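Read-outs: derived from the displayed coordinates by stated rules, not from any lab. The structure presented is a predicted model; accordingly, all values stated were derived computationally and were not measured. Positions of Cβ are generated from backbone atoms using ideal geometry, with glycine treated the same way; all protein chains shown enter the neighbour counts.
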Amino acid sequence: MTSEGTINAAAAGTWKLGDLPVNRIGFGAMRLTQYGEALTAEATSSDRGRAITVLRRAIELGVNHIDTAAFYFSPLRSANELINHALAPYPDDLVIVTKVGPGRDPSGEWMDHATPEQLRGQVEENLRQLGRDHLDVVNLRIVGTGSIAERFGVLADLRDAGLIRHLGLSNITPEHLAEAQAIAPVVCVQNMYGIGARPDQAEFLRTCGEQGVAFVPFYAIAGAGREAGAGSTDSEQVLAVARAHGASAAQIRLAWTLHQGPHVLAIPGTGNPDHLADNVAAGTIELSADDLALLSP
């Protein structure tokens with residue numbers, strides 16, 4: 001494996017979110033705010049100093065793509081506020097991607113998804129927390145299969161007004177993507193994806209690549225563990241490839257994800273500086289054809 005002194009996120013290659021180039025290994029901010037299962041009212045808030053250290057170390061390691069949201073918070077921590085405190089004034093090449101749609105009340109309990117009228121307020125809250133005059137990329141996160149035209153249209157209007165540079169989608173179907181693209185360009189799709197994904201999910205990943213849309217998997221490491229994180233459920237195939245490369249199972253899962261196409265970006269999240277370095281180092285792992293065949297669904 002690469003020594004920490006030579007680790008850099010650029011080793012995994014780059015992709016453009018619209019006109020914004022990013023290294024394909026990024027960072028997800030969800031786990032910065034608390035310990036244990038993420039985004040619950042009962043979870044224990046993280047150590048502020050450690051979270052700030054992780055963010056600054058990510059930049060040192062070449063990460064220039066951070067995924068966040070105003071609803072990433074614990075009783076004492078806000079991911080956006082941590083990002084602002086740790087990194088502002090922001091590096092010129094840093095791309096911060098946020099998302100809107102879901103909402104949480106001050107106690108942390110989830111509320112109904114934002115109406116079209118509420119979406120502007122969510123965008124403005126992200127602007128305020130991050131200390132920005134515009135947002136680089138805003139993803140509309142979806143639950144369900146109904147039409148997204150009205151809500152996506154609101155974000156397209158905010159893009160036209162200069163508050164948002166580029167638009168994306170999260171947790172969607174191919175039909176959602178087609179509906180949105182008829183309204184405004186889509187630069188990225190964030191969907192759950194990883195080893196063991198269903199064939200239709202792999203097909204959607206390929207479709208995004210054909211259209212020049214970045215595909216950004218979430219839970220690529222955690223898999224079925226989702227917010228709770230990776231468990232002890234790695235298959236013998238994953239463990240065998242990990243042993244062959246002197247890597248961890250989590251690193252192999254990330255490497256496999258990046259091997260699915262040049263348009264695939266990784267946003268692993270952690271509040272642990274050591275795990276951060278391991279995640280970035282996963283971008284240097286070259287999987288063989290035999291490795292990929294062993295790991296494929």
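Tabulated results
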item: Principal axis dimensions, largest first and in whole angstrom, of the stretch 55-199 by Cα; result: 39, 36, 32
item: Exposure proxy order (Cβ contacts within 10 Å, fewest to most) of M30, M111, M192; result: M111, M192, M30
item: Burial ordering of L155, L205, fewest other beta-carbon atoms within 10 Å first; result: L205, L155
item: Isotropically averaged projected area of the stretch 20-295, using the convex hull of Cα atoms (one quarter of hull area), nm²; result: 13.7 nm²
item: Kirkwood estimate for the stretch 42-132, i.e. one over the average of 1/r between Cα atoms, Å; result: 14.0 Å
item: Amide proton proximity set for L135, modelled H, under 5 Å, gap of 5+; result: I164, R165
item: Ranked L82, L177, L239, L32, criterion: other C-beta atoms within 10 Å, fewest first; result: L239, L177, L82, L32
item: Cβ-defined net charge surrounding G168, 12 Å radius [Lys, Arg +1; Asp, Glu -1]; result: +2
item: Equivalent ellipsoid semi-axes, the stretch 153-297, via Cα gyration tensor eigenvalues times 5, rooted, Å; result: 30, 17, 13
item: Positive minus negative residues near V186 (Lys, Arg vs Asp, Glu; Cβ under 12 Å); result: 0
